[in-house]
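Shown next, in structure tokens, is the structure this report addresses.
The values are calculated or read from the model by the stated rules, or taken from the named source; none is laboratory data. As the structure is a prediction and not an experimental result, all values here were calculated from the model. Note that we place each Cβ from the backbone using ideal geometry, even for glycine, and neighbour counts take in every protein chain shown. Only protein heavy atoms, including side chains, enter the accessible area calculation; ligands, DNA and RNA are left aside. Shrake-Rupley method; radii C 1.70, N 1.55, O 1.52, S 1.80 Å.
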Amino acid sequence: MFKRAFHTTVPTAGKPGVSIVHPVHHTVKFKKAQVSERYRELLTPKSSILSAGFRPLVVSPDRVRDHHYNTIQSDLLLINYMHGAEDKKGIKMREWDGSSPYHLNRAPRPPRGRSRATKDIKVRDWSNVPEIVGVSLNCFVPEAKEVSDIAVAAKLQLQQITGVKARTVYSRSNVPTWRLRPGMAMGAKVHLVGRPMNQFLYTLTEIVLPRSKTFTGVSNSAGDTTGNITVGISADDARSFPEIEGNIEQWATTFGFDITIHTTAQVDPDARTLLSAYGFLFKGEEKFPSRM
Amino acid sequence: MFRIQSSLRAMGPTLLGSARPSVVGCNNANVKATANLVLSRGKRTKARALAPGAQRIINMLSVFSAHKKQPRRIKLAMEDLIRHNVVQKAWSIFMRDKKLIRTERLKSQYKKIEEAAEELKSLNGYLHFEATKRELGKRFSPEMRIPTETPPNEIWHEDWKVTDIYAKKR
């Protein structure tokens, strides 16, 4: 359902911000100033070479992507094959039976013994072979609470490692005993897709993790149950990224960070199988959800 | 830095007015040092130099800044623009076809797997059961490497065994 709304104009001195130009109201609310001729260039999509933000996408070969399409994809199709499989319905929220008029707008209950509903599992076929769609790095520095400049260094580290501009993360909660206020810069994060993602992945699996003295493998219990696996990198391991190691004397302190690998796998075990093809090693006992 | 500048600005008339300015009401050590300088137009004073820590932060921030990093918009003649659009379109069609071929290949592979499993089922139930059993926790070989453009001279260590490592350690 949509509501009709007046488009907004900036109220100037003494005049209300209401348009009298036809059509006065629209189904989509927009700012009238942005329709101005001055902003016409901004409407050019970034994929167009006429845009100021144009960046050519495919400019170099990508061996990780090629490896996925040439080798991993068909292997995974065979590994995940289940003969005569059917779609499995996940455990859903429990609706009220409607015996009382008060059930009408009451929120459904969570499944019995669980806090949230689970997704449906579709048949694993050629259309949903798992693949890595993105990698996000999250660097949270508790010391930045005292010295806010540390968050700048953390942000620079992520940008140096990935080659992608990182974003500062700010605290949102107010804990007076920790002297934590909303809006304090506490670290940085960055989301990688495409070539920067693949470049980061092979740097990680071929250079950083094999040289680590403390890393013994990705935990088999890591994962958010929907196919996204998280692994932590210590501050010492961050020093073995070539971009940091290149001028290590400039990096008095480095920061550990979390790497979340987003995959299209429907359950975590499928995601682990996929990641093992990229050179990740796993440790610990693996649990398999009954719905897989 | 801002504090120093603003305090200097506030003291501006005082500095110009008397040969030996007073620094009363200003406890900042840096400002005290600058107060004795002879001001000359266009000359850098030491007060502008920052503490090394602060300068390092500014250097870091300048890395993030998009200033002078964003390339200018490419100005193309109409012919060049048409040529670019044609190449772009051809490239996207090429990529789409590649994706289509890939999907078709996967699809036919899936159909073949299905067919083979069905045939096995009709021939021998035991073999079918064993062949289509789920391999939970399946892992690719840890020795598998992503191929490079410049592979090593010895591609695969044929004689390598897991036990060799333990033999060395002992």
query = Looking at B:LYS133, B:LYS138, which is the one that is charged (D, E, K, R) and more than 8 Å from chain A (Cβ to nearest Cβ)?
reply = B:LYS133
remark   = Expected single match for at pLDDT 95 or above, surrounded by 13 or more Cβ atoms within 10 Å (Cβ to Cβ), under 30 Å from B:GLY137 (Cβ atoms) and more than 14 Å from chain B (Cβ to nearest Cβ) among A:SER74, A:SER136 is A:SER136
ask   = Does A:THR168 satisfy the condition of being touching a helix residue (DSSP H, G or I) at 6+ places or on another chain (Cβ under 8 Å), polar (S, T, N, Q), surrounded by 15 or more Cβ atoms within 10 Å (Cβ to Cβ) and not in a helix (DSSP H, G or I)?
value = yes
key: Search result, residues across the stretch A:139-165 that are open to solvent by 20 Å² or more (accessible area, probe 1.4 Å), polar (S, T, N, Q) and either under 12 Å from A:LYS189 (Cβ atoms) or not assigned by the TED database to the domain that holds A:PHE257 (or both)   = A:GLN159
Hey, A:VAL190 more than 23 Å from B:GLU143 (Cα to Cα) and in a loop (DSSP other than H, G, I, E, B) or not = no
query = Looking at the stretch A:77-102, which of the residues that are in a helix (DSSP H, G or I) and within 11 Å of chain B (Cβ to nearest Cβ) is most open to solvent (accessible area, probe 1.4 Å)?
reply = A:LEU78
inquiry  = Quick check on B:PRO147: is it within 12 Å of chain A (Cβ to nearest Cβ), touching a Lys or Arg at 6+ places or on another chain (Cβ under 7 Å) and either in a loop (DSSP other than H, G, I, E, B) or open to solvent by less than 100 Å² (accessible area, probe 1.4 Å) (or both)?
reply    = yes
inquiry  = Any residue at all in the stretch B:118-127 that's out of contact with any Pro (no Cβ under 6 Å at 6 or more places or on another chain), on the phi < 0 side of the Ramachandran plot, surrounded by 11 or more Cβ atoms within 10 Å (Cβ to Cβ) and facing chain A (nearest Cβ under 7 Å)?
reply    = no
remark   = Checked A:ARG195, A:ARG179 against criteria (in contact with a helix residue (DSSP H, G or I) (Cβ under 9 Å, 6 or more places away or on another chain), of a type in the set (Lys, Arg), at pLDDT below 95 and within 27 Å of A:VAL218 (Cα to Cα)); the one match is A:ARG195
query = Listed residues A:ARG112, A:ARG116, A:ARG124; which is of a type in the set (Lys, Arg) and either open to solvent by less than 90 Å² (accessible area, probe 1.4 Å) or in contact (Cβ under 8 Å) with a residue 24 or more places away in the chain (or both)?
reply = A:ARG124
query = Does the stretch A:255-277 hold any residues that are in contact with a Ser or Thr (Cβ under 6 Å, 6 or more places away or on another chain) and in a loop (DSSP other than H, G, I, E, B), and which are they?
reply = A:GLY256
ask   = So which pairs qualify, if the first residue must be in the stretch B:139-156 and under 18 Å from A:ARG65 (Cβ atoms), the second must be assigned to a loop (DSSP other than H, G, I, E, B), the Cβ gap must be under 6 Å, and the two must be at least 6 apart or on different chains?
value = B:PHE140/A:ALA277
ask   = Could you list, in sequence order, the residues of the stretch A:27-68 that are exposed (fewer than 12 other Cβ atoms within 10 Å of the Cβ), at the interface with another protein chain (Cβ under 9 Å from one of its Cβ atoms) and among the hydrophobic types (A, V, I, L, M, F, W, C)?
value = A:VAL58
remark   = Contact list, first residue from the stretch A:68-93 and within 20 Å of B:ILE146 (Cα to Cα), second anywhere and open to solvent by 80 Å² or more (accessible area, probe 1.4 Å), beta-carbon distance below 7 Å, six or more apart or interchain, is A:ILE79/B:GLU135
request  = Enumerate the pairs (first residue in the stretch A:199-213 and assigned to a helix (DSSP H, G or I); second residue anywhere and surrounded by fewer than 18 Cβ atoms within 10 Å (Cβ to Cβ)) with beta-carbon separation below 7 Å, excluding pairs fewer than 6 apart on the same chain, so at least 6 apart or on different chains.
outcome  = A:THR203/A:PRO242; A:ILE207/A:PRO242
query = Scanning the stretch A:103-151 for residues that are among the β-branched types (Val, Ile, Thr) and assigned to a loop (DSSP other than H, G, I, E, B), which turns out farthest from the chain's Cα centre (by Cα)?
reply = A:VAL147
query = Does any residue of the stretch A:195-208 turn out to be hydrophobic (A, V, I, L, M, F, W, C) and more than 26 Å from A:LYS283 (Cα to Cα)?
reply = no
message = Can you go through B:LYS138, B:LYS133 and tell me which one is under 21 Å from A:ASP270 (Cα atoms), in a loop (DSSP other than H, G, I, E, B) and open to solvent by 100 Å² or more (accessible area, probe 1.4 Å)?
response = B:LYS133
task = Go over the candidates A:GLU249, A:GLU243 one by one and state the one that is more than 29 Å from A:PHE288 (Cα to Cα), part of a helix (DSSP H, G or I), among the charged types (D, E, K, R) and open to solvent by less than 80 Å² (accessible area, probe 1.4 Å).
result = A:GLU243
key: Selection within the stretch A:252-281 - over 22 Å from the mean Cα position of the chain (by Cα) and open to solvent by less than 50 Å² (accessible area, probe 1.4 Å)   = A:THR254
